[in-house]
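One structure below.
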Amino acid sequence: MKFPWGDAEKRKQELNEEIASHLQMAARDREARGESSAQASAAAQRELGNAGVIQDVTHDQWARTWLEDLLQDVRHSLRTLRKSPGFTSIAVLTLALGIGANTTIFSVVDSIVLRPLPIKDPDQTAVLAFHKGNGPLQFFFSVPDYQEMGDQASASFSGLMCYLSGMDGLAVNGKSDRIMTNYVSGNYFSVLGLKPALGRLILPSEGETLGADPVMVLSYSYWQVHFGGDPNVVGRAVSVNGHPITIVGIAPAGFHGMSPFLSVQGFLPLGMASIGVYPKDFMVNRGERLVIVTGRLQTGITLQQAQSSLGVIGQRLSQTYPDTDKAMNIQAFLRLQAADPQHTTLVISGLFLGLAALVLLLACTNVANILLVRATAREREMAIRAALGAVRSRLIRQLLTESVVLAFLGGVAGLLLGYLGSTTLGSIHLQTDLPVQFDFGFDWRVFTYALVVALLTGVIVGIAPAIRSSSGLATVLREGGRGIAGGKSRLRRALAVAQVAGSLMLLIIAGLYARSLMEAQRIDLGFDPSHVLNLSMDPNQIGYSEAQGREFYKHLLDRVRALPGVESASIAAVVPLGYLSNADTPVIDGYEPPTGQSVPPFLYNVISPDYFETMRIPMVRGRTFTSADDAHTQYVGIVNEAMSKQFWPNQDPIGHHFKLGSEPVHSIEVVGVVKDSRFDSITSPIAPFFYLPFAQHYTFNSLETLQVRTYAAPEAMMPEIQRTIATLSPDLLVFDVETMRQGLYTLGGLLGFQIGAGLAASLGGLGLMLAIVGVYGVVSFAASQRTHEIGIRMALGASPADVLKMVFREGAMIVLVGLAIGLAAAFAAGRVARNFLVVSETDPVTYVTVSVLLATIALAACYIPARRATRVDPMVALRYE
Amino acid sequence: MKPRYQNRIELLQGTLDLLILQTLRWGAQHGYGIALAIRANSGDILQVDTGSLYPALHRLERQKLIAAEWKVSENNQRVRVYRLSAAGKKQLAAERSRWAQISQAIAGILGPAGEESKA
């Protein structure tokens, strides 16, 4: 082993020589006294003892130094800290708040961004996506395209697999549950390199044929929770959506599909998707884009190399199938890029990690300040130690050890706080009954992060006081204990300025988020969310046929409408701002997109006739759907104003036709135009959107949300409506039961702003607290250092008002300079946050309000010590020396 | 009554360091010489165990209380010679006053010399 202080091997040799020379001298002395040469060396040898042991013990004196010193320093630090419990607990708590905030944010970033999927070599997998022309990036492929890509891409990919997601009803012994499923290609598990925990996984031969292979693999956690880990579950006959299925195996522990958030509970062969809500032709219809394609790169092939071969495949598909695949440009992405094409997650992660780091910096500043004050008090101790021969570097090291020990204690407490924080964040209700996996649990990354942060904190906090207090020691002794406060209070003032600036920045970001939330809550959604109840259900999950499903919804609407207190009731496949959506790339009759461009996919909704009445979305022209629009009459559609403007500018869209890209059989006639309303985002401009009648599009849309507009409070009607559903269909699972107002608090809706505002406000509040303590501490310490001076001034005739002004001015300077710097910093940070805000990042209301608020509190914190300074009794102050 | 001659006395922890520093006050010396000097100056009462001497020397060297260098002795032999450093001198002063305090305190507890033999 090699140690930093020199060559251990050389030292050993020298030690050897030293002891040998000792022996020789001892023997020579004995010879001089008359012993024979042999006798003398034997006696000297005996006297010396075991040379090997001596060498080892002596050598240990060097080898153990650093560890011994460290242990000694740590012991000493712990003793010193124990001696001042007040200081220690305040410093540890302050650091714990900072480290806790960081750990919380980091644990979220870790689970969303950093934690790899539990599959073999996750870095080698890539998600495929494509552009059509210069349209948006699309991640869903048709099964025929997937199959051709798989055949042609084998040079770059050792395997391409695909899957599509569903929510299905799983019935075991007559008890049903709604589970999230993946219908997967046969090679899904082998491409991911996974082995079963029990039984077998889906086989490569399975899933090629529609409806064949009625088998299912359960996720490990679902098996544990719902079957108690019973190994006999393999081979068990269950039913999915009313179809008999055999459970053949359990997926490995920890694996729950390819999304970090959603927890897939059952895996079935792709061909079985016919028992889901999917159209029966999805295996052969090239226009039906449903599956996500993921591949494993061949060893030695980079993502860029794979890109170029995919480009060739895309061109070939475009030429061969111009109807569906024109101008298709296929690309491969790492999972992270694919999940975050706009880098939104990364930017938000960075922003909040930065804010949390700022809080920690404020906490560090406070502790550094306290340490500086303590260092003043300990100047004499240090001076005496130095006078007694302690080397300067040794003193610095000891002081640093003390602050690092302090930071470690803070780190441990911070981990606890961070755990509380991330548990709180993990329990946020996302307004969905989807099996969301928000596991912000701590893994080694979080612990490493906390450790590194604590270490850095210790060094940052300790370095300035340590260097300060070990310099100019001689002066201290000469001055007989009068501190060298001048230089240090300049540093302290600078730290306080930084604190004011930092907390202002935090508060402004918090303010921008809070204002955005307020604005978003006030925004005109285009529909009226008050007094509306949402209840979702899918009769397909209990095996209802299409005819049964239609019948069920018809009766349901009739019965609910008849309930007293109900104003209107309707069903819709998609709830605005919810997590589910329908998308299609429509083909518009008589519309030719500009060359090089193509029509992007649009979101649409499938609704029953009274929908616009229930949602209070006004009709602009034409008519709404009626019960006369059914599967046997002309297919009809209603468009929003944005769609009308884009495709039929300056024309009446009514009477024009379009087709669904996925189902180009029926020509859909536009019969009405409704006002724009928000459906997928609160902030972005409203995109084209269209509505189709439920009666003409049952397939794919058996999952519908019953929406009921009530006269009185909607919550009160909830039990009665649920009873109504239960009398019609006792086994049907009803989910996402909420008021439409609650339903707005989704990640795409208001929840993002709410979490952002809450997080930023927590960080801002912490920062404010730390900054106030910092400013107060600096001003009152400075005032106390000047007691003597103030006494003289007052003795010479200064009035209390003069003293107040003098002390207050010093604090006010700190606050004002801090505010100026903080405003500039907030402006820069606001630019980063710009895309996630509703209000402008330079929103004057926020900037002015927050600055005034912070200035008021900070100046109040200066006023208290200034006030106290005026009460200095000149006689006492002068006698004090 | 004269104390019984003892071949060896276990030195108190830290005492050896003091003795080494004290010995080096008279000039640089190698390990063997230090051992001889301590024995001679204690009237042959204190015999320094080589197994304690070298660890102590190297510990003191590490603490920078003494410094070492290789020299050639009058017998033309390469020897490692130790010398008191400035810090070592300070340490010696501090240790000496501590030792004086301790021995005074112990003497106080044991009472005036010769009391035991009278009883």
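The values are calculated or read from the model by the stated rules, or taken from the named source; none is laboratory data. As the structure is a prediction and not an experimental result, all values here were calculated from the model. Don't worry about glycine lacking a Cβ; one is built from the backbone with ideal geometry, like all the others, and counts go over all protein chains shown. Just so you know, the surface numbers come from the protein's heavy atoms only, side chains and all, with ligands and any DNA or RNA stripped out. Shrake-Rupley method; radii C 1.70, N 1.55, O 1.52, S 1.80 Å.
Points worth noting:
- Sorted into 5 angstrom bins from 0, the C-alpha pair distances of the stretch A:56-188 split as 2, 7, 8, 9, 9, 9, 8, 8, 7, 5, 5, 8, 9, 5, 2, 0 percent.
- Theoretical FRET efficiency, 1/(1+(r/R0)^6), r = Cβ-Cβ of B:Arg39 and A:Ile463, R0 56 Å, to 0.05: 0.70
- Within chain A, the longest run free of chymotrypsin sites (Phe, Trp or Tyr not before Pro) that sit in a DSSP loop with at most 15 other Cβ atoms within 10 Å is A:6-590.
- For chain A: relative contact order, % (alpha-carbon pairs under 8 angstrom, 6 or more apart): 15
- Extension gain from A:Asp121 to A:Glu567, taking 0.36 nm per residue of separation minus the Cα-Cα distance: 154.9 nm
- By accessible area, using a 1.4 Å probe on protein heavy atoms only, the protein assembly as shown has 59% of its surface on carbon and sulfur.
- The sum of -39500 (n - 2.57) across all DSSP H runs of n ≥ 4, divided by the residue count of chain A, sets its helix-only mean residue ellipticity at 222 nm to -17000 deg cm²/dmol.
- Solvent accessible area, Å² - A:Asp589, 1.4 Å probe, full protein context: 70
- A viscosity of 0.890 mPa s and a temperature of 25 °C, combined with the Kirkwood radius over C-alpha pairs in the Stokes-Einstein formula, give the stretch A:205-288 a diffusion coefficient of 178 µm²/s.
- Charge dipole (chain A, unit charges on Cβ, about Cα centre) - positive-most of A:Leu770, A:Pro252, A:Ala377: A:Ala377
- Nitroxide proxy distance, nm - points 7 Å out along Cα→Cβ at A:Ala43 and A:Gln337: 8.5
- Cα-based convex hull volume of the stretch A:138-339 per residue, rounded to whole Å³: 114
- Zero-based 10 Å bins, Cα pair distances in the stretch A:310-370, whole percents: 20, 21, 20, 14, 11, 8, 5, 1
- When you restrict to C-alpha pairs under 8 Å that are six or more residues apart and normalise by the size of the stretch A:138-339, the relative contact order lands at 29 percent.
- Gyration tensor verdict on the stretch A:515-582 (Cα atoms; rounded if a/c is under 1.5, prolate if a/b is larger than b/c, oblate otherwise): oblate
- Chain lengthening between A:Arg316 and A:Leu491 when straightened (0.36 nm per residue, less Cα-Cα): 56.2 nm
- The Cα atoms of the stretch A:622-692 give a gyration tensor whose axes a ≥ b ≥ c have a/c of 1.5 or more with a/b greater than b/c, which makes the shape prolate.
- Projecting label points 7 angstrom from Cα along Cα→Cβ for A:Val74 and A:Ile428 puts them 3.8 nm apart.
- Extreme residue, positive dipole direction of the stretch B:15-108, given options B:Ile20, B:Ser97, B:Gln77 (C-beta unit charges): B:Ser97
- Calculated Rg and Dmax of the stretch A:8-63 using C-alpha coordinates, Å: 12.9, 41
- R0 of 45 Å, Cβ-Cβ distance A:Gln634-A:Asp731: FRET efficiency to nearest 0.05: 0.80
- Rg/Rh, computed from the Cα trace of the stretch A:532-739 with Rh as the Kirkwood radius, has the value 0.97.
- Cα extents of the protein assembly as shown along the three principal axes, largest first (Å): 130, 89, 63
- For A:Val109, A:Val312, the ranking by accessible surface with the largest value first comes to A:Val312, A:Val109, using a 1.4 Å probe.
- Of every Cα-Cα pair in the stretch A:69-121, the percent that sits beyond 14 Å: 70
- Taking the charge dipole of the stretch A:8-63 about its Cα centre, with +1 at Lys and Arg Cβ atoms and -1 at Asp and Glu Cβ atoms, the residue from A:Gln61, A:Ser37, A:Gln13 reaching farthest to the positive side is A:Ser37.
- Residue order for A:Arg286, A:Arg380, A:Arg490, A:Arg394 - accessible surface, 1.4 angstrom probe, largest first: A:Arg490, A:Arg380, A:Arg394, A:Arg286
- Sequence-separation-based contact order of the stretch A:532-739, relative, with Cα cut under 8 Å and 6+ spacing, percent: 39
- Calculated on the alpha-carbon coordinates, the convex hull of the stretch A:228-354 measures out at 199 cubic angstrom per residue.
- 10 Å binning of all Cα-Cα separations within the stretch A:764-854, expressed as whole percents from 0 upward: 14, 35, 24, 16, 8, 3, 0
- Net lengthening on full extension, A:Ser784/A:Val876 (0.36 nm per residue, minus Cα-Cα): 31.8 nm
- Between helix A:37-48 and chain A: long-axis angle, C-alpha atoms, 0 to 90°, nearest 10: 60
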